[in-house]
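Following: one structure in structure tokens, then a few remarks.
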Amino acid sequence: MFNKILVANRGEIALRVIRAAHELGVKAVAVYSEADRLAPHVLAADEAYLIGPPPSAQSYLRADVLIDVAKRCGAEAIHPGYGFLSERAPFIQAVRDAGLVFIGPSPDAVTAMGDKTAARARMIDAGVPVVPGTKEALRDAAEARTVAGEVGYPVLLKAAAGGGGKGMRVVMTEDEIERAFESAGNEAQAAFGDRSVYIEKYLVGPRHIEIQLLADRHGNTLHLGERECSIQRRHQKLIEEAPSAVLTPDERRAMGEMAVAAARAVNYEGAGTVECLYQDGEFYFLEMNTRIQVEHPVTELVTGVDLVQWQIRIAAGEAIPFTQDEITWEGHAIECRITSEDPANSFLPSTGRIGNLTLPSGPGVRWDGGIATGVEVGLFYDPMLAKLIVHGPTRLEAIDRMKRALLELRVEGVDTSVPFHLRVMDEADFRAGRLDIRYLENHEAELLGASVDEELIRAAALAAALLEEERRTQRSVSRPQASTSASGGSAWRNRAGWSRG
Ligand code: MV4
């Protein structure tokens, strides 16, 4: 096992990796930008190094600086988290060239999956089902017209270098195909410096279901089941769960075996995810994410497998000691991404200094956060502040547990997505498991309007504050120490002091 690793990330995922390292007896080194001097990941690490000004291009994306820090502090490996440098093959190669271990897959595997047409071709060769369409990029608009005619409308044009929806165009009828080919190409060129696009049959209203994988360098490639990720807005997931409400054990096995075949086809190592579209019992490979994903905790809660620990163990050369048959799924887990965005205002990013923070806890509740009181939330980084994850015996119990936890959570100082999540937990289609990738668009009116829930939260918070205040006064009469140990003046601080006393 390593003695020390460098965590090349920030926020909740940096903390998550630091925690996994510490549980393995590994020292964790943080890096931070000038905007993150007071960030929780800096405090949690054994050492921390300033790497540059707030913009990511001058800090968290500085491959050279990160490798230099790792070498100087004596770290043997680098964990990239997600985003930033996590899926950049040249960075992985540079880490290796510096004599360090990249905690993740090989640069070849990342490159193979990064080019979407190349990945599709490889998957077809490996017998993995893909959506009907072209194996290669289209040469010109005329070819687009021919192929679209063969595949049958509606079709979807996708950027070969893409992913995440950029350079994508739905084409409903033949008269739109040439214009769409040009505009998809232009967008792909602007976003990825590569105008290649290809065609797939457009599926209307599928679910987005993905399979978690773990692979070591001793020939073990296992799947840990699926996550249902259909609740998203503009390709940003908002709520994820495991297992999916619809998969049968046979479908889970089939999808898992498909994902394992996909990983084996690129000699995959580490934790990875195969994203699929699922409709009417059929599933199709979409792309593979060659990193740990934001939503990994729901899989951890239902399988009991610590994915981040295994990333580190696998990178250190360990073999996975359990078999596919030993992976079992228990109960139901749900994750809500808590973002600094105002759902009542089209998810407008909200900025400010985090004030009082009351975190949910109790049975089946997990908080993977990257914020603390006093931390400034700006616009330099992703608006995701934290993830609230719950686990319960059944899906409905998990939903009601999530409601309870969301009502316990109080984040002062910025607007958050919490009111949105509360509404989803009460929404009939969600509760019935009737989900597809159009869920949010189809429920916009109920989920994003003027906020009744906020009133409820405020009323509940006020009631709780009054109750705490009353308890505090009573307690200070019977046990005077209690009131002096509670340092701040607010009822919320006293609440923490009380629960610990
Ligand atoms: C599709 C599709 C329908 N049919 N492909 C969106 C991002 C990229 N990763 C793939 N995406 C899609 N590909 C075919 N042939 C619909 C989407 C899609 C989507 C997929 C997953 C999650 C959310 C989505 C939202 C809109 C469209």
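The values are calculated or read from the model by the stated rules, or taken from the named source; none is laboratory data. Note that the structure is a prediction, hence the values are computed from the model and not measured. We place every Cβ from the backbone using ideal geometry, glycine too, and count neighbours over all the protein chains shown.
For beta carbons closer than 7 Å, sequence separation of 6+ or different chains, a first residue in region 279-300 that is more than 20 Å from ALA265 (Cβ to Cβ) and within 14 Å of the ligand (Cβ to nearest atom) and a second that is in a loop (DSSP other than H, G, I, E, B) and aliphatic (A, V, I, L, M), the qualifying pairs are GLN279/LEU203.
Could you pull out the residue among GLU200, GLU143, GLU174 that is more than 16 Å from the ligand (Cβ to nearest atom), over 30 Å from LEU307 (Cα atoms) and touching a residue at least 12 places away in the same chain (Cβ under 8 Å)? GLU174 is the lone residue from the list that is more than 16 Å from the ligand (Cβ to nearest atom), over 30 Å from LEU307 (Cα atoms) and touching a residue at least 12 places away in the same chain (Cβ under 8 Å). Looking across region 233-266 at every residue that is among the charged types (D, E, K, R) and buried (at least 23 other Cβ atoms within 10 Å of the Cβ), the one that is farthest from the ligand (Cβ to nearest atom) is identified as GLU241. Hey, among the residues in region 309-345 that are among the small types (Gly, Ala, Ser) and part of a loop (DSSP other than H, G, I, E, B), which one's nearest to VAL17 (Cα to Cα)? Restricting to residues being among the small types (Gly, Ala, Ser) and part of a loop (DSSP other than H, G, I, E, B), the top hit is ALA316. Looking only at residues in region 238-262 that are charged (D, E, K, R) and more than 18 Å from HIS391 (Cβ to Cβ), the one that is nearest to the chain's Cα centre (by Cα) is ARG252. Total residues in region 16-47 satisfying the condition of being surrounded by fewer than 24 Cβ atoms within 10 Å (Cβ to Cβ) and in contact with a His (Cβ under 8 Å, 6 or more places away or on another chain): the figure is 1. For the residues ILE209, ILE177, the requirement of being crowded, with 21+ Cβ neighbours inside 10 Å and in contact with a Lys or Arg (Cβ under 6 Å, 6 or more places away or on another chain) singles out ILE177. Please specify each residue of region 140-174 satisfying the condition of being within 25 Å of MET113 (Cβ to Cβ), small (Gly, Ala, Ser) and loosely packed, with under 15 Cβ neighbours inside 10 Å. Those that are within 25 Å of MET113 (Cβ to Cβ), small (Gly, Ala, Ser) and loosely packed, with under 15 Cβ neighbours inside 10 Å: GLY164, GLY165. With the requirement that a residue be within 14 Å of the ligand (Cβ to nearest atom) and crowded, with 19+ Cβ neighbours inside 10 Å, what does region 212-232 give you? Hits for region 212-232 are GLU226, ARG227, GLU228, CYS229, SER230, ILE231. Exactly one residue out of PHE84, PHE102 is in contact with a strand residue (DSSP E or B) (Cβ under 7 Å, 6 or more places away or on another chain) and modelled with pLDDT of 95 or more, and it is PHE102.
For (1) surrounded by fewer than 21 Cβ atoms within 10 Å (Cβ to Cβ); (2) within 27 Å of the chain's Cα centre (by Cα); (3) assigned to a loop (DSSP other than H, G, I, E, B), each residue gets a yes or a no:
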| site | (1), (2), (3) |
| --- | --- |
| GLY81 | no, yes, yes |
| LEU85 | no, yes, yes |
| ILE92 | no, yes, no |
| VAL95 | no, yes, no |
| GLY104 | no, yes, yes |
| ALA109 | no, yes, no |
| ALA119 | no, yes, no |
| ARG122 | yes, yes, no |
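Let me spell it out: the conditions are (1) within 16 Å of the ligand (Cβ to nearest atom); (2) surrounded by fewer than 23 Cβ atoms within 10 Å (Cβ to Cβ); (3) among the aliphatic types (A, V, I, L, M); (4) outside any loop (DSSP other than H, G, I, E, B), and ALA137 meets all of them except one. Which number is the exception? If we test ALA137 against (1) within 16 Å of the ligand (Cβ to nearest atom); (2) surrounded by fewer than 23 Cβ atoms within 10 Å (Cβ to Cβ); (3) among the aliphatic types (A, V, I, L, M); (4) outside any loop (DSSP other than H, G, I, E, B), just (4) comes out false.
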